[in-house]
Amino acid sequence: MVRSKRQREDLDEENIPRIIKGLDGARQRLRAGDFDEVTKDVLTIATSVYRCLIVTETPFPDSLIVETKLAKRAWREASDMAGLTMQLTPSLVKMVSSQRVIWPWLMLY
């Protein structure tokens, strides 16, 4: 089987999230748009899974540790769904877990 250079690279190394846009002087943190397409796709899936986990298992997490564990679990599940093994970085954990679920009934006055 003939493989392209990209396919050989994927087989040789673990998929590491690649930042395609560097931080400029005005911005201090990363955004989803700063990553390559594969990482953005996994991040989107992980965010959805994280929201589901928050709603179904821990609606009001009492510590950062609980939120981080759920974010890691969501990332693993998203990587599995995408058929990849993606390394999770601290900035990606923050992006996944910063997606809060807004409870509509709490917005009532």
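The values are calculated or read from the model by the stated rules, or taken from the named source; none is laboratory data. As the structure is a computational prediction, the values presented were derived from the model and not from experiment. For neighbour counting, all protein chains shown are included, and Cβ atoms are generated from backbone atoms with ideal geometry for every residue, glycine included.
Among the residues of the range 38-91 satisfying the criterion of being acidic (Asp, Glu) and not in a helix (DSSP H, G or I), which is farthest from the chain's Cα centre (by Cα)? Walk me through how you get there before you give the answer.
So the first thing to find is which residues in the range 38-91 are acidic (Asp, Glu), and the list is 41, 57, 62, 67, 77, 80.
Next cut, not in a helix (DSSP H, G or I) only: 57, 62.
Working: Glu57: 19, Asp62: 21 Å.
Among those residues, the one meeting the criterion is Asp62.
For Leu43, indicate whether it is within 25 Å of Pro17 (Cα to Cα) and either at pLDDT below 90 or touching a Phe, Trp or Tyr at 6+ places or on another chain (Cβ under 8 Å) (or both).
yes
If I ask for residues that are of a type in the set (S, T, N, Q) and under 15 Å from Ser97 (Cα atoms), which ones from the range 24-55 would you list?
Listed by number, the residues that qualify are Thr44, Thr47, Ser48.
I'd like to know if the range 62-69 contains one or more residues that are surrounded by 11 or more Cβ atoms within 10 Å (Cβ to Cβ) and modelled with pLDDT under 70.
no
Cβ-Cβ distance below 8 Å, separation of 6 or more or different chains: which pairs start in the range 65-92 with a residue that is of a type in the set (Ser, Thr, Tyr) and end on one that is modelled with pLDDT under 90 and buried (at least 16 other Cβ atoms within 10 Å of the Cβ)?
Thr68/Ser97; Ser79/Met86; Thr85/Asn15; Thr89/Pro17; Ser91/Leu30
List the number of the failed condition for Gly83; all other conditions in (1) modelled with pLDDT under 90; (2) surrounded by fewer than 16 Cβ atoms within 10 Å (Cβ to Cβ); (3) within 15 Å of Ile16 (Cα to Cα) hold.
Every condition holds for Gly83 apart from (1).
Tell me which residues, restricted to the range 14-40, are charged (D, E, K, R) and either at pLDDT 65 or above or surrounded by 10 or more Cβ atoms within 10 Å (Cβ to Cβ) (or both).
Within the range 14-40, Arg18, Lys21, Arg27, Arg29, Arg31, Asp34, Asp36, Glu37, Lys40 qualify.
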